[in-house]
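A short write-up of the structure that comes next.
The values are calculated or read from the model by the stated rules, or taken from the named source; none is laboratory data. The model shown is predicted, which means the values in this text are computed figures rather than measured ones. Heads up, the Cβs are rebuilt from the backbone with ideal geometry, glycines too, and the neighbour counts pull from every protein chain shown. Just the protein is used for accessible areas: all its heavy atoms, side chains included, with ligands, DNA and RNA removed. Shrake-Rupley method; radii C 1.70, N 1.55, O 1.52, S 1.80 Å.
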Amino acid sequence: MILPDILAPTYVQMLGALSAWLVKAEAEAGKQDGTAQTLPGARLAPDMFPLSTQIRFACVQAQEGMYRLRGEAFPPLVGQLLDEGRNAGEHPGSIADAQARIAETIAIVESLAADAPPIDPAAPIAHALPQGMIFDLTAGQFVRDWALPQFYFHIMTAYAILRAQGVDLGKVDYVAHMFPYLRPGTLPAQ
């Protein structure tokens, strides 16, 4: 139940939102000479990773969550995304590169969710970090305390970078996935 019902839809909808934010950013940047080329390297603070890293790390988190809960080894793409993200300060890439990574990740997440095995929320998961730390969690704790918060950290940091760079984003852009649930006739008049 965890993969197809909680993680996969969350990852897909928020990666889709991130993609839409980038479309909006690129359209607005087109009105300002050269801004689209510098946007992937934009940061909130000098000691934080740039936008391009935040996007790649959001993709890593989505893939990592899906593969870890399936009990499968991470494919080489996860390592490649991590390397790209770590090196994005010198080689941030383009908005088109970011869009390609987002689309690729959405396809992977949807594919992994399509044949997701049932997962016991109490199943043990050893979550190892590259620094050598290991967290012993249940599958439910992993989803609640690691997979979703880490993913949202990178999504929201990307949102904040785009806002800080003057991209006209607002709450409507963040919760666009909610509009299919809107009761007819309840949208305030402008």
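For this structure, a couple of remarks:
- Residue within segment 141-160 that is over 30 Å from Glu72 (Cβ atoms) and hydrophobic (A, V, I, L, M, F, W, C) present: yes
- Residue check, Asp145 outside any helix (DSSP H, G or I), open to solvent by 30 Å² or more (accessible area, probe 1.4 Å) and at pLDDT 95 or above: no
- Single unsatisfied condition, Ala62 versus (1) closer than 25 Å to Gln141 by Cα; (2) modelled with pLDDT under 95: (2)
- Which listed residue is within 17 Å of Gln150 (Cβ to Cβ) and either out of contact with any Asp or Glu (no Cβ under 7 Å at 6 or more places or on another chain) or open to solvent by less than 30 Å² (accessible area, probe 1.4 Å) (or both), from Gln37, Gln61, Gln80: Gln61
- Gly85 fulfils the conditions (1) free of Cβ contacts under 8 Å to residues at least 60 places away in the same chain; (2) within 16 Å of the chain's Cα centre (by Cα); (3) over 21 Å from Leu148 (Cα atoms) except for a single criterion, (3).
- Cβ-Cβ distances below 7 Å connect the following pairs, each with a first residue in segment 173-185 that is at pLDDT 90 or above, a second residue that is hydroxyl-bearing (Ser, Thr, Tyr) and not in a loop (DSSP other than H, G, I, E, B), and a separation of six or more residues or different chains: Tyr174/Tyr159.
- Those residues of segment 36-56 which are part of a helix (DSSP H, G or I), without any contact (Cβ under 8 Å) to a residue 60 or more places away in the chain and not basic (Lys, Arg), in sequence order: Ala36, Gln37, Thr38, Pro40, Gly41, Ser52, Thr53
- Candidates Ala103, Ala73: the one that is modelled with pLDDT of 95 or more and open to solvent by 50 Å² or more (accessible area, probe 1.4 Å) is Ala103.
- Scope segment 148-186; condition open to solvent by 80 Å² or more (accessible area, probe 1.4 Å), of a type outside the set (Asp, Glu), over 28 Å from Asp5 (Cα atoms) and in a loop (DSSP other than H, G, I, E, B); matching residues: Gln165, Gly185
- When the residues of segment 117-140 are filtered to those that are free of Cβ contacts under 8 Å to residues at least 12 places away in the same chain and not in a strand (DSSP E or B), the one that is most open to solvent (accessible area, probe 1.4 Å) is Gln131.
- Residue in segment 97-116 that is assigned to a loop (DSSP other than H, G, I, E, B), within 20 Å of Glu64 (Cβ to Cβ) and out of contact with any Ser or Thr (no Cβ under 7 Å at 6 or more places or on another chain) present: yes
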